[in-house]
Amino acid sequence: MRTVKIRLTVILLAAAAAVFSTPQEKLDALLQENHQRHGLSPVERVSDNAFLRRAMLDVTGRLPTITEVRKFAADKDGDKRAKLIARLLASPRFADVTAMRFADMFRIKSEFPINLWPNAVQSYHRYFRDAVIENRPWNKVARELLTSSGSNFRVPAANFFRAAAERTPEGLAKVTALTFMGFRTGRLSPEDRAKFAAFFSRIRFKSTDEWKEEIVFTSPDPVRVEARTPDGKSFDIDAPATDPRTVFADWLTAPGNPFFARAFVNRVWYWLLGSGLVEPADDMPLPGGFWSGVFSVFTPSGDNAGNEKILDFLAEEFERSGYDIKGLFSLILNSRVYNADWKTLPAEQEKAEKCFAVYKMRRLEAELLVDAYSQVLHAHESYSSVIPEPFTFLPQNTPAVTIADGSISSRTLDNFGKPSRDAGTLEERNNQITPSQRLFLLNSNWVYQRTLQLPGRLFQRRRISDDIRIDELYLTILSRKPTPEEKKIFFAYRKRLPVKIRGRAWGDLAWCLINTQEFLYHH
């Protein structure tokens, strides 16, 4: 009987593989299976207008224009969402937004405690932006970052170890594990941490005659390095003939590594959907136990089994694709969860978010929010650093997502949770609404005055009907037209005002829309 069951299982798996012929179909099947596992009700696809806004903010960091909204709504092509995603991933703005996320991840910052200084910041940031534009495989990027030596001004990848607040072997091991493996070395015993840190024990730094330049290199002193990787494999390395960093990079990027692909996939899922398939997204549980050596037979179980199954599939597909970063983004962006509405039955909402039956509603990142204000209100921020350095002051029309240096900020960016980039953790960015933010949105003259000016700038004294006016205001701010009920409420409010000041109603409406969750949130 057992043999029959095994054969039946194999047949069913083979049939499933034949039915789901593409990675996209397989991913959607796993998501559907996860929803059914938890007994969740079907979720509607999000409207075209909401999808356009969602994709443009997530991928390019900006709101769609009125023209873009109308054009997308009028497009009858059944593949228009996939084609939109392809266009967005090919745009320079995708490189800007992704470079911003990498800058958080890799601690790109001039001042304390990272102290990269401006020249290195610009070089390092450009390295990641170029990597996104060229779609360099993630394993090759990782190898460059882990093994490069030379001037941190002239060899951008050499900044990976240079951009660590604690440049001891233990400190370098900590940032490596966090960045490329998605876990914290604090979980390890002192002996295990020391063995892991040995891979980074030969890294040295020295200054040059050029202002604040440093050279990253491997110590030339001969020594036998005894190191151990997180799968329990020990290495005896004769340095400097063999650089321990190269040995570690070989292990990390080898096919089937249990950490490398999973950590990056989980982080990208977090960027696009608000939480990781496994949480915390950069402090993941270690499959099978850290030193157990049973990674290859790890089988997820429990309430999170469906999410881990999705993560494992995406990691395998990411590896199979040659670590194609844009391909990974495309796979997630075209998935059923990314196309899903943000809401479902109230009793199921929390569970639906945890197992990704719905798109998770969350506040815009500080840089995206400031750029949205700039786009809609023509209200540009002034950016500066508290410590005067070259490149400290930026032009007022600089998009916040393009700021390379974590030391350069503004009061609004700081108020809305821009990360410090001190540790490179996801928790450094705070996307929660705070009382200070509410007071800013409700009372700021910077917002209020420019909001009152928006209708005049938008309508430009054109002879257009009030219906067209309200449509254009909603399309500009919320990327959709108002509902009949919303129109009814607004026109009733406008009618109650004295005739002489009824024109102010348009500014009042713009101010109300700017303060809605619909404007402030990914949804």
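Every number in this text was worked out from the coordinates using simple rules, so none of it is lab data. No experiment lies behind these values; they were computed from the predicted model shown. Methodologically, a virtual Cβ is constructed for each residue, glycine included, from the backbone with ideal geometry; neighbour enumeration extends over all protein chains shown.
A few notes on this one:
- Here D75, D312, D238, D405 are placed in order of increasing Cβ neighbour count within 10 Å, fewest first, which gives D238, D75, D312, D405.
- Residue exposure proxy: S91, S21, S407, ordered by other Cβ atoms within 10 angstrom of their Cβ from fewest to most, comes out as S21, S91, S407.
- For segment 442-522: relative contact order, % (alpha-carbon pairs under 8 angstrom, 6 or more apart): 40 percent
- The trypsin sites (Lys or Arg not before Pro) of segment 209-260 that meet both conditions, a loop assignment by DSSP and at most 12 other Cβ atoms within 10 Å of the site Cβ, are K233.
- With contacts taken as Cα pairs under 8 Å at a separation of at least 6 residues, segment 137-252 carries a relative contact order of 24 percent.
- Modelled label reach - D467, point 7 Å along Cα→Cβ, segment 482-515 residues with backbone N closer than 15 Å: 482-488, 491
- Considering helices alone, the calculated mean residue ellipticity of the chain at 222 nm is -15000 deg cm²/dmol, with DSSP H runs of length four and up weighted by -39500 (n - 2.57) and normalised per residue.
- Averaging 1/r over each pair of different alpha-carbon atoms in the chain and inverting the result gives 25.3 Å, the Kirkwood hydrodynamic radius.
- The mean sequence distance of close C-alpha pairs (under 8 Å, at least 6 residues apart), as a share of the length of the chain, puts its relative contact order at 19 percent.
- Panel order for Y323, Y521, Y493, by other beta carbons found within 10 Å of each beta carbon, from fewest to most: Y493, Y521, Y323.
- Its Cα gyration tensor gives segment 137-252 an equivalent ellipsoid; the semi-axes, largest first and in whole Å, are 23, 16, 14.
- Sparsely packed loop sites in segment 196-266 (the GluC sites (Glu not before Pro) outside DSSP H, G, I, E and B with at most 16 other Cβ atoms within 10 Å) comprise E210, E213.
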